[in-house]
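See below for the structure under consideration.
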């Protein structure tokens, strides 16, 4: 990791004080190399998990609460989509092709890769104080007025100011922390709580969630929340300037103001 | 070439060599301790291997959750069944008195058992969940003889690593490692909820592995083969399901 923190960035007078001192002496990238690499690995895995997760749900688009559930019991709810299994009652007169074999294999493989990537990210984030510096909001970030402004501005489709390109506001910080330390752990936990091998060794993991079918339903809703986050995240990137923000996450550099074409 | 970049080249070369030999050593150790599944090849082999290896390290002796009888599902759902063959229907008409389970391969004493033979051994039961890879599940009481009992009767040779089990359904076979084969909850199952095992649930004889997904719990078992390698069985990846794109290890 010898190149960490060596990327080019012009020192600018308008930088917020939080980062400016460091930048004058040693220009730091907007995102460290490790953050950039783990971000894109996570992106790839997220799409793999999403597509395969949808395929797996199609084979049984019914959800239950408690330990067990099948087509002979009443569901908590059923998605209004066709199924890839003949015996699942749907309102459609056709059965979709079975895609579960490769979907399950890719789902678990992507889960392994993203969990290992996430571990690397969390460990390095603690060691480099990435969370403390970049994600934990300051007291000033947390004032209601500041939070409200940060929340309302994008709703009115107002672009962030140039200074905001170098740091996250309070709403962003809280959102990222929530996704990182609430949604990701929950989706991993509820996923593991469906694994028969895992729960034979750690039965409390599924008991705490209220049973295997409850774990499956929770897994579904947390995944929905992550998809919602993805939409808002990409929407905000577009609002702030898609290419400059994407460039910052690929090369580490921040665009020079030629942002809005 | 400057000193710095030469040093960097040497260091990264050393690191790469160390990493590669570390990986090779890890692979050899994993092979030695039985942490590599037969379907470790292909683009999903990494995921399959990580799952199987971690489960073997964490769950070799762990027991599937057992439930009180009160949580037995009133209507267990028998999944879609392929049309029964004429051979099977013949056995069914005769009440399965001529059904045989043959055991061969790396055993001291190849043998063949009738359902009555299997029922004459001490019967065991557990109330466990059957879970389908599709997502649904039910709980039932499963009655049978532990597979380990039958394996002890025929005398498994020490080099054995897998038990291949074959169904009367055409092209339906699977295999498990010795950890699962000798696991106390792994049954040759002939009864369910206090009765005979119904045909839709795999009667007269089903492999019951409560720590693995439903499709690994094959119905209509007629043959066991003990082997030290899955090479030579179909495409060598361990199961008919694997050849159809489904994982060999299904503890997940």
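What the table shows:
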{"quantity": "Folded to 0 to 90 degrees: helix A:100-127 orientation relative to chain A principal axis, Cα", "calculated": "30"}
{"quantity": "Distance histogram in 5 Å bins (all Cα pairs of segment B:97-252, percent per bin)", "calculated": "2, 10, 20, 24, 22, 14, 7, 1, 0"}
{"quantity": "Helix B:45-59 axis, angle to chain B major axis (alpha carbon atoms, nearest 10°)", "calculated": "70"}
{"quantity": "Rg to Rh, two decimals, where segment B:1-78 supplies the alpha carbon set and Rh follows Kirkwood", "calculated": "1.34"}
{"quantity": "Helix-only mean residue ellipticity at 222 nm for chain A, each DSSP H run of n ≥ 4 adding -39500 (n - 2.57), per residue, nearest 500", "calculated": "-18000 deg cm²/dmol"}
{"quantity": "Test item: A:49-60 mean partner chain Cβ contacts at 10 Å", "calculated": "1"}
{"quantity": "Residue among A:173, A:216, A:86 with the largest mean-square fluctuation in a Gaussian network model of chain A, springs linking Cα atoms under 10 Å", "calculated": "A:86"}
{"quantity": "Rg/Rh ratio calculated on Cα atoms of segment A:95-191 (Kirkwood radius)", "calculated": "1.12"}
{"quantity": "Highest-MSF residue in chain B out of B:191, B:90, B:45 [GNM, Cα springs under 10 Å]", "calculated": "B:90"}
{"quantity": "Alpha-carbon spread of the protein assembly as shown, three principal axes, descending order, Å", "calculated": "91, 59, 37"}
{"quantity": "Share of alpha-carbon pairs per 5 Å distance bin for chain A, given as whole %", "calculated": "1, 5, 10, 14, 16, 14, 11, 9, 8, 6, 4, 2, 1, 0"}
{"quantity": "Quarter of the Cα convex hull surface for segment B:40-166, i.e. its orientation-mean projected area (nm²)", "calculated": "11.3"}
{"quantity": "Inter-part distance where segment A:76-96 and segment B:1-76 are each reduced to a Cα centre, Å", "calculated": "36"}
{"quantity": "C-alpha long axis of helix A:33-58 to longest principal axis of chain A, angle in °", "calculated": "20"}
{"quantity": "Shielding by partners - mean other protein chain Cβ count within 10 Å, residues of A:184-195", "calculated": "1"}
{"quantity": "Förster-model FRET efficiency, 51 Å R0, residue B:21 and residue A:131, C-beta, rounded to 0.05", "calculated": "0.90"}
{"quantity": "Top of B:82, B:140, B:15 by mean-square fluctuation, Gaussian network on chain B, Cα under 10 Å", "calculated": "B:15"}
{"quantity": "Unit Cα scatterers, Debye sum, segment A:186-261: log10 I(q)/I(0) for q = 0.16, 0.17, 0.18, 0.21 Å⁻¹", "calculated": "-0.65, -0.67, -0.70, -0.82"}
{"quantity": "Alpha-carbon centroid distance for the pair segment B:106-151 / segment B:155-179, whole angstrom", "calculated": "14"}
{"quantity": "Partner chain coverage, peptide B:67-74 - average Cβ within 10 angstrom", "calculated": "2"}
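Bear in mind that the values in this text are calculations on the coordinates, not laboratory data. For clarity, every value in this text was computed on a predicted model and none was experimentally measured. Positions of Cβ are generated from backbone atoms using ideal geometry, with glycine treated the same way; all protein chains shown enter the neighbour counts.
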